[in-house]
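The values are calculated or read from the model by the stated rules, or taken from the named source; none is laboratory data. This is a predicted model, so every value here is computed, not measured. Positions of Cβ are generated from backbone atoms using ideal geometry, with glycine treated the same way; all protein chains shown enter the neighbour counts.
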């Protein structure tokens, strides 16, 4: 008598890691139990951790072929790690979750059941549904996430307005239906899920399930200023219908900070040192340009971030590249001040607007060696 065996479905779990040695082994041990129901692979995408995460995962992978390691050098970032993990996945279903233990493994099984039962493309684990429990966020982080979700809802298509947690790090996808949109995800974006929803233009069938969000046992959250900056750029990118390059938006935001720096510097030099507008302006332009360079290096171009001597060399190159537009800035502002209006604010803004495009295009290519 022949017994026909039911074929198991393939499940890939993608775990992006950076310095999670104390958390990752226990999580993998829990996830391995899913092999009873699925043909399982666990893909750990590690951004060259410095705490021994990489060597630990490698040793686990040598003992268990269900575990795979992608050790990344000279590239980093949560969104790019997730995208690389998904492209290397073989599963029919792909679950993405944090590697710090804050997402319960059983949520993966629940999400797959919901995905299959309701014929969905994507299931999001939400921290903000009625039945969800948040144990792993302090009050400030919770308020910050809620505010970010409100902004995200405003910037996305109406088909996704019912979602409560666009910032979630936990989701499960149907690989076949989501892969065409994953190709388009910008890996410099703030959150992979938010970027996926943005590029899909309302075409994915998405629902949520409750999430029990656990406190982190070891290590610290990766949330920092660059992450917040990325979120702001991502929002503006979506609001602009993704027409303008992300880097151009970031460069423009830094330019706005530079405007403030130049205005404050000019006023300070005129007030404290009794300098005339014409005398103060060149100093203010150079100081503003230098501040723009340092902020862009830390935020806009941080994947090509310059350090130590290269930082100084880059500043000199930046000032050289910006010298012609700086002269144009000073000349135009002075002409505006002399001919059109003695308003120092309007005169400086007129000069700054003229040089923005040149600074972005030229510095992208010659200072940080990136295409526009």
Out of 84, 39, report the one residue that is in contact (Cβ under 8 Å) with a residue 24 or more places away in the chain, out of contact with any helix residue (DSSP H, G or I) (no Cβ under 6 Å at 6 or more places or on another chain), surrounded by fewer than 21 Cβ atoms within 10 Å (Cβ to Cβ) and under 27 Å from residue 197 (Cα atoms). 84
If you check residue 234 against the conditions, is it at pLDDT below 95, within 28 Å of residue 296 (Cβ to Cβ) and buried (at least 23 other Cβ atoms within 10 Å of the Cβ)? yes
Closer than 24 Å to residue 241 by Cα, touching a residue at least 40 places away in the same chain (Cβ under 8 Å), assigned by TED's automatic domain parsing to the domain that holds residue 86 and surrounded by 20 or more Cβ atoms within 10 Å (Cβ to Cβ), is that true of residue 194? yes
Could you count how many residues in region 68-84 are under 17 Å from the mean Cα position of the chain (by Cα), under 20 Å from residue 51 (Cβ atoms) and outside any loop (DSSP other than H, G, I, E, B)? 2
Could you check residue 199 against (1) part of a helix (DSSP H, G or I); (2) not assigned by TED's automatic domain parsing to the domain that holds residue 171 and say which number it fails? (2)
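For every residue, the table says whether it meets (1) within 21 Å of the chain's Cα centre (by Cα); (2) at pLDDT below 95; (3) surrounded by 22 or more Cβ atoms within 10 Å (Cβ to Cβ); (4) part of a loop (DSSP other than H, G, I, E, B).
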{"site": "94", "(1), (2), (3), (4)": "yes, no, yes, no"}
{"site": "137", "(1), (2), (3), (4)": "yes, yes, no, yes"}
{"site": "140", "(1), (2), (3), (4)": "yes, yes, no, no"}
{"site": "145", "(1), (2), (3), (4)": "yes, yes, no, no"}
{"site": "151", "(1), (2), (3), (4)": "yes, yes, no, no"}
{"site": "166", "(1), (2), (3), (4)": "yes, yes, yes, yes"}
{"site": "177", "(1), (2), (3), (4)": "no, no, no, no"}
{"site": "188", "(1), (2), (3), (4)": "yes, yes, no, yes"}
Quick check on this structure: which one of 39, 25 is assigned by TED's automatic domain parsing to the domain that holds residue 90, assigned to a helix (DSSP H, G or I) and within 16 Å of residue 68 (Cα to Cα)? 25
If I ask for residues that are within 23 Å of the chain's Cα centre (by Cα) and either surrounded by fewer than 23 Cβ atoms within 10 Å (Cβ to Cβ) or at pLDDT 95 or above (or both), which ones from region 103-124 would you list? 121, 122, 123, 124
